[in-house]
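For reference, the structure discussed in these notes is given below.
The values are calculated or read from the model by the stated rules, or taken from the named source; none is laboratory data. Just so it is clear, the structure is predicted and the values come from calculations on it, not from any experiment. Glycine gets a Cβ as well: all are built from the backbone with ideal geometry, and neighbour counts include every protein chain shown.
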Amino acid sequence: MKKIVIVMVAAMLLVSVSTVRGDDDWQETCKNLATLAENIMKHRQDGTSMPVVMELVGDLEIAQTLVMDAYRSPRFSTERMKKEAINDFRDRAYLMCVEVFRD
């Protein structure tokens, strides 16, 4: 199920990035990126190996960058810390996206 989610979000992100042009388009693109980041960090915190996640995201360069960033982060043992890591990673990805597209 998680594999399907990652592939679907990566596909949505690819479409979003290639069509960003209006005032509202960046919001959808950044939301898709944040969802992708969240799913990638969930895999990281669940202990999925990095090669498996890289295979899941395919050739989308931005997704590969997110995977590398996620695997630079520590893996936590408590559910509370895992959830915080996931939420923080998602929000950082969204912030970076907004900073790029809003200008």
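Worth pointing out:
- Filter pass, S49 being over 20 Å from L33 (Cα atoms) and among the small types (G, A, S): yes
- Search result, residues across region 66-97 that are more than 14 Å from the chain's Cα centre (by Cα) and touching a residue at least 60 places away in the same chain (Cβ under 8 Å): none
- Check on A63, over 12 Å from the mean Cα position of the chain (by Cα), modelled with pLDDT of 95 or more, part of a helix (DSSP H, G or I) and surrounded by 17 or more Cβ atoms within 10 Å (Cβ to Cβ): no
- Complete set of residues in region 48-60 that are among the β-branched types (V, I, T) and under 14 Å from the mean Cα position of the chain (by Cα): V53, V57
- Residue selected from region 69-78 under the condition under 16 Å from R90 (Cβ atoms) and not aromatic (F, W, Y), by the criterion surrounded by the most Cβ atoms within 10 Å (Cβ to Cβ): A70
- Which listed residue, of E38, E28, is out of contact with any strand residue (DSSP E or B) (no Cβ under 9 Å at 6 or more places or on another chain), in a helix (DSSP H, G or I), modelled with pLDDT of 95 or more and of a type in the set (D, E, K, R): E38
- Region 66-103: number of residues that are assigned to a helix (DSSP H, G or I) and more than 12 Å from A37 (Cα to Cα): 11
- Hits in region 43-60 - residues which are in a loop (DSSP other than H, G, I, E, B) and surrounded by 13 or more Cβ atoms within 10 Å (Cβ to Cβ): T48, G58, L60
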